[in-house]
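Working notes, structure below.
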C-alpha cells in the first residue's frame, strides 16, 4: 500500500475507460436504427455526463466526510 499502488490503479482505471467508451458507442450504433440513433447517442452522452458529475460529487463528499480510503471501499 502506497503511492505506487495508487498510481497503478489510476492507470488501470484510465485504460479501462479508454477501452469501454468506443466499445459502447459501437454497440449503440449497431443496435439502433438510423432514425433512432440521434436520440440514443444523446441519451448515452447525457448518461456519461451525469455519471461523471455524480461520481465527482459523491467522491468529494465521501473523501471530505469519511476519508480517502473510503473511496476505495467500492
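Any read-out appearing in this document is the output of simple, stated calculations on the displayed coordinates, not a laboratory observation. A quick note: this is a predicted structure, and the numbers were derived from the prediction, not measured. Using ideal geometry, Cβ is built from the backbone for each residue, glycine included, and neighbour counts are taken over all protein chains shown.
Using a Förster distance of 22 angstrom, determine the FRET efficiency expected from the C-beta separation of residue 54 and residue 30, and round it to 0.05.
Details: r = 27 Å, r/R0 = 1.24.
Efficiency, rounded to the nearest 0.05: 0.20.
Quick one: if the Förster radius is 22 Å, what FRET efficiency do residue 10 and residue 69 give, using the C-beta to C-beta distance and rounding to 0.05? Don't jump to the answer; show the numbers that get you there.
Details: r = 15 Å, r/R0 = 0.69.
My answer for the efficiency is 0.90.
I need the per residue convex hull volume for the chain, using only the alpha carbons, in cubic angstrom as a whole number. Before the final figure, lay out the partial values.
Numbers: hull volume 6.6 nm³, N = 74.
Considering the Cα atoms of the chain, their hull volume per residue is 89 Å³.
What value, in deg cm²/dmol to 500, does the helix sum -39500 (n - 2.57) over DSSP H runs of n ≥ 4 give at 222 nm once divided by the residues of the chain? Intermediate values should be presented prior to the final figure.
Details: 2 runs with 61 residues, N = 74.
Taking each H run of at least 4 residues, the total per residue is -30000 deg cm²/dmol.
Can you give the angle from 0 to 90° between the axis of helix 3-31 and the longest principal axis of the chain, with both taken from C-alpha atoms, to the nearest 10?
10 degrees
For the residues 36, 30, what sequence is obtained by ranking on other C-beta atoms within 10 Å, fewest first? Please list the in-between numbers first.
Working: 36 10, 30 7.
Least crowded to most crowded, the residues run 30, 36.
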